[in-house]
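Just below is one structure, and these are the notes that go with it.
The values are calculated or read from the model by the stated rules, or taken from the named source; none is laboratory data. Not measured: the values here are computed from a predicted model. In this analysis, Cβ positions are derived from the backbone assuming ideal geometry, glycine residues included, and neighbour counts consider all displayed protein chains.
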Amino acid sequence: MLELGCGLGVPSLVAALGGAEVLATDWSPTAIELLQENATRNRARLETALVAWAHPSAIVARAPWDLVLAADVLYERRNVDELLALLPQLEAREVLVADPGRPHAKGFFERAAANVRTVAV
């Protein structure tokens, strides 16, 4: 499983604690450091990586993915275009994108429906 823009990494932690093999990614070193600390404290085994969506070679090289998760990542307009460009490269069997109603989410889901099998949450 791959989490994009993991932030605090709650989905990754839950998946890892449930037995999934997880790679949690974010562009922010601080986010990755916090997730690693939380994983250690919760005895969750997962892998982390610094990955910017504009430079995704590290995660594209590991495709295909069984599951790609992204939660609350559509808060900036540029994220929509970058995520739409990235998702097909990951060759995921399933993509789950959770969004709390950010302004750019509607446009993302409309455009994603034509190119990627995406489940909106």
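Being on the phi > 0 side of the Ramachandran plot and out of contact with any helix residue (DSSP H, G or I) (no Cβ under 7 Å at 6 or more places or on another chain), is that true of even one residue in the range 76-93?
yes
Within the range 1-18, track down each residue that is in contact (Cβ under 8 Å) with a residue 40 or more places away in the chain, part of a helix (DSSP H, G or I) and of a type outside the set (Gly, Ala, Ser).
Hits for the range 1-18 are VAL10, PRO11.
Please count how many residues of the range 25-51 are under 20 Å from VAL73 (Cβ atoms), polar (S, T, N, Q) and either in a helix (DSSP H, G or I) or in contact (Cβ under 8 Å) with a residue 60 or more places away in the chain (or both).
So the count comes out to 3.
Restricted to the range 52-75, and to residues that are out of contact with any helix residue (DSSP H, G or I) (no Cβ under 6 Å at 6 or more places or on another chain) and not in a loop (DSSP other than H, G, I, E, B), which residue is surrounded by the most Cβ atoms within 10 Å (Cβ to Cβ)?
ALA70
Restricted to the range 79-110, and to residues that are in a loop (DSSP other than H, G, I, E, B) and not acidic (Asp, Glu), which residue is farthest from GLU3 (Cα to Cα)?
Of everything passing the filter in the range 79-110, PRO103 is farthest from GLU3 (Cα to Cα).
Please work out if GLN89 is modelled with pLDDT of 95 or more and in contact with a Ser or Thr (Cβ under 8 Å, 6 or more places away or on another chain).
So GLN89 fails the test.
Out of curiosity, is ALA16 among the small types (Gly, Ala, Ser), surrounded by fewer than 21 Cβ atoms within 10 Å (Cβ to Cβ), at negative phi and at pLDDT 95 or above?
When the stated conditions are applied, ALA16 does not pass them.
Limited to the range 71-94, what total is found for residues that are out of contact with any Phe, Trp or Tyr (no Cβ under 6 Å at 6 or more places or on another chain) and either free of Cβ contacts under 8 Å to residues at least 24 places away in the same chain or farther than 16 Å from GLU21 by Cα (or both)?
Qualifying residue count, the range 71-94: 16.
Going by the structure shown, is GLU21 part of a helix (DSSP H, G or I) and of a type in the set (Asp, Glu)?
no
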